[in-house]
Amino acid sequence: MEKANVLEMKKIHKAFGGLKALVDVNIELRHGEIIGLVGDNAAGKSTLMKILSGAYHADEGSIFFNGREVAITNPRIAKQMGIEMIYQDLELCPNLDVPANLFLGREVITKPFIRFLKKRIMEDETVSILRKLKIDVKNPGLRIDKLSGGQQQAVAIGRAVSFNPKIVIMDEPTANLAVVEIDKVLDLTLRLKEHGISIIIISHRLDDVFRVSDRIYVLKHGCIAAVKEKAKTNKEEIIKLMFMEAHERQGQRARQ
Amino acid sequence: MNSVNNPENNGESISGFKIKDYAIYLIMLGIFIVFAFFLRNRGFLSIINLMNIFRQTAIISIMAVGFTFVIASGEFDLSIGSTVALSALIGSLMLQRTGIFPSVIAAVAVGAAIGFVNGFFVVRARMPSFLATIAMMGIIHGLARWITHLQAIPVLNDRFTYIFGGGNLGPIPTLFVWTLIVMVFGQIAMVKTLFGRKVLATGGNVVAARLAGINTDKVKWVLFIIMGMIASLAGLLYTGRLHAARYTYGGQDLFTIVAAVVIGGNSIYGGTGTIIGAVVGSLILGMVNNGLILFGFSVDQQVIFRGVMILVAVALSPSAPKE
Ligand SMILES: Nc1ncnc2c1ncn2[C@@H]1O[C@H](COP(=O)(O)OP(=O)(O)OP(=O)(O)O)[C@@H](O)[C@H]1O
Ligand SMILES: [Mg+2]
């Protein structure tokens, strides 16, 4: 019995001037599923996800959320619907501490005239969010840029999760991380899934994709080259799909 | 584990009293001790001289507080010096015709208007703030010279000079009262309020701030207006202290203010907002200046020294953000 789809993107087209970044792309995401989105540089992965998060607009195509067609015209609408994107370049404030970043843009304040920050409440809430997700940040009072890359990534994920999202999009969450930290971030990703969140993860690291995802979409030159159940594929096949042109694959198969 | 609740590690760390910031206090103390020793026979420690240092740094400190906000948001306002002069002149011209209240309003309105225009060029026309405000500096300076034909405008209103930096409230010069008010308000606004948080977020990572729903353009625009108004207050204080307005007021101040803010531990790349540091920075500069005079250095040598101090402070200050 197939689980219902939380998200469907249908026939998405997007061009930047003459450059066709996405051509007729279809994607489905099931409830509580993790899908991996892979492809060579400039394949269109980030562009597709930015359309979903409201940062870009598709030229054509439609998006269905829980079976209903939706118009995601700006990032705020996406957030309201429960779609959180963690951008490739994190988008945290390096000069602020963990609570300040978790609550950025929705600070707890005294009402209504002079808007003093209720720091204590935000700090306590931060501790409980970090604890719930088992995120290991010893001293949340430190500036973000004093934390390790993995901790920063975890804070970004914690921030996204604290909005109670239905869907979390992660763009290259393990790029530039030390090996130990990669493990922690992937564990965290799997924990989100346990909390019932559906996840789309973009990564160049196939090991990571294979570790967490249920299905894998391969994007190539802006088109979906293949969709594979993780259990029914392997890294070699995915790599071929990512980098070889269709006729080359044909030729190979003929030779085998 | 519970370190979030440890008072030493809470949100204050972004704004004020942290280990690294103690360095300035130690530097200030060190300079004070050195001067107190070597200049003991030249009157450095006399009450009159110390009061004089405070008096000379008070107005710089006030503007340094405003400048800290602007720089914290990642922008510059180089027009403040000439705003000081134009506000002083307009205020004094008004004082010759009307009472204190409308004159003060007029002077502050001048600063607010200049700030509004600065904000417009930066936020709407997307000009780099150092360019927009340096152009404004020229325009305002020209205006200030032109409307008064380089003449000083005397101020004979005793109430005005009393309130604006010429009088004493008990033993305390009103000048210090103004400084204290601006400093305390600045510190609270930066550390305790939503506005301060928005300023620091804007200066820390403008994209992140915008994605989080902060109207960073509005934040910057408001800051330019506040900065203009603070420069106007400085103009009124110069006028009250010296019983006249001159187009030269504030002309040399920009350099000192930037130096004070940077020495105080603020990054020129934005994202830091150490108000108390900025005030301490201006005290250090005032003290060094005073000491150099007592040692017998010339004005030119003092200017050179201040330049060197800026270079050292920038070299030691938080580095450029990565990328
Ligand atoms: N705002 C934009 N303006 C113009 N071209 C863009 C823009 N954003 C993306 N592109 C182009 O669209 C194509 C797809 O880019 P995209 O960032 O989606 O690729 P990607 O698969 O995420 O690549 P990477 O793995 O390098 O992150 C690229 O050719 C890129 O240059
Ligand atoms: Mg990308």
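Numbers at a glance
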| read-out | value |
| --- | --- |
| Alpha-carbon gyration tensor eigenvalues x 5, square-rooted, for chain B, Å | 30, 27, 18 |
| Fluctuation leader among A:ALA21, A:ALA156, A:ALA226 - chain A, Gaussian network, Cα springs under 10 angstrom | A:ALA226 |
| Qualifying aspartates and glutamates (Cα of each under 16 Å from Cα of A:LYS119; at least 8 residues distant if same chain) | A:ASP97, A:GLU107, B:GLU8, B:GLU12 |
| Modelled label reach - A:ASP59, point 7 Å along Cα→Cβ, the range A:7-43 residues with backbone N closer than 18 Å | A:10-26, A:42-43 |
| Peptides ranked, highest mean first, by Cβ atoms within 10 Å: ranges B:300-311, A:39-50, B:285-296 | A:39-50, B:285-296, B:300-311 |
| Within 10 Å of each Cβ in B:210-220, the average number of Cβ atoms from other chains | 3 |
| 14 Å cut-off, amide nitrogen to a point 7 angstrom out along A:LYS118 Cα→Cβ, residues in the range A:87-106 | A:106 |
| Projected label distance in nm at B:ILE293 and A:THR110, using a 7 Å step from Cα toward the beta-carbon | 4.1 nm |
| Among the listed pairs A:LYS146/B:LYS198; A:LYS146/A:LYS235; A:LYS20/A:LYS79; A:LYS193/A:LYS228, those beyond 24 Å (Cα-Cα) | A:LYS146/A:LYS235; A:LYS20/A:LYS79 |
| Chain A, relative contact order [Cα under 8 Å, separation at least 6], % | 25 percent |
| Chains B and A together, accessible area buried on both sides, 1.4 angstrom probe, square angstrom | 2600 Å² |
| Convex hull volume of the range A:21-167 per residue (C-alpha atoms, cubic angstrom) | 146 Å³ |
| For B:HIS149, solvent-accessible area (1.4 Å; no DNA, RNA or ligand), Å² | 130 Å² |
| Per residue value of the accessible surface for chain A (all protein chains in place, 1.4 Å probe), Å² | 48 Å² |
| Carbon + sulfur, % of accessible area of the protein assembly as shown - ligands and nucleic acids excluded, 1.4 Å | 62 percent |
| Karplus-derived HN-Hα couplings along the range B:153-169 (A = 6.51, B = -1.76, C = 1.60, θ = phi - 60°), whole Hz, x at Gly and Pro | 9, x, 10, 10, 7, 5, 4, 4, 5, 5, 5, 9, x, x, x, 10, 9 |
| Most fluctuating residue given options B:VAL219, B:VAL199, B:VAL84, as computed from a GNM of chain B linking Cα atoms under 10 Å | B:VAL219 |
| Shielding of A:118-130 by partner chains, average beta-carbon count, 10 Å | 3 |
| GNM flexibility winner over chain A from A:ARG120, A:ARG215, A:ARG159 (Cα, springs under 10 Å) | A:ARG120 |
| For A:ILE224, residues with placed amide H under 5 Å, excluding near neighbours | A:ASN26 |
| Computed FRET value (nearest 0.05) for B:VAL314 with A:ASN164, which takes r as the C-beta separation and R₀ as 51 Å | 0.70 |
| Inter-part distance where the range B:61-131 and the range A:8-31 are each reduced to a Cα centre, Å | 50 Å |
| Whole-number percent relative contact order across chain B, with pairs defined as alpha carbons under 8 Å at least 6 apart | 32 percent |
| Gain upon complete extension [A:ALA42, A:ARG205; 0.36 nm per residue less C-alpha separation] | 57.1 nm |
| Rounded if a/c under 1.5, otherwise prolate or oblate - the protein assembly as shown, Cα gyration tensor axes | prolate |
| Estimated distance in nm for a label pair at B:PHE130 and A:PHE16, the labels positioned 7 Å out from Cα along Cα-to-Cβ | 2.9 nm |
| The range B:183-229-the range A:184-247 distance, computed between alpha-carbon centres (Å) | 41 Å |
| Paramagnetic label zone (point 7 Å from Cα along Cα-to-C-beta, B:TYR25; backbone N under 20 Å) in the range B:264-300 | B:264-267, B:273-288 |
| Test item: B:198-205 mean partner chain Cβ contacts at 10 Å | 5 |
| Neighbourhood charge, 12 Å Cβ-Cβ cut-off, centred on A:VAL209 and excluding it, Lys, Arg +1 and Asp, Glu -1 | +3 |
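The values are calculated or read from the model by the stated rules, or taken from the named source; none is laboratory data. What you see is a predicted model, and the numbers here were worked out from it, not measured in a lab. All Cβ positions, even for glycine, are placed from backbone atoms using ideal geometry, and neighbour counts span all protein chains on display. Keep in mind that these areas ignore ligands, DNA and RNA; they rest on the heavy atoms of the full protein, side chains included. Shrake-Rupley method; radii C 1.70, N 1.55, O 1.52, S 1.80 Å.
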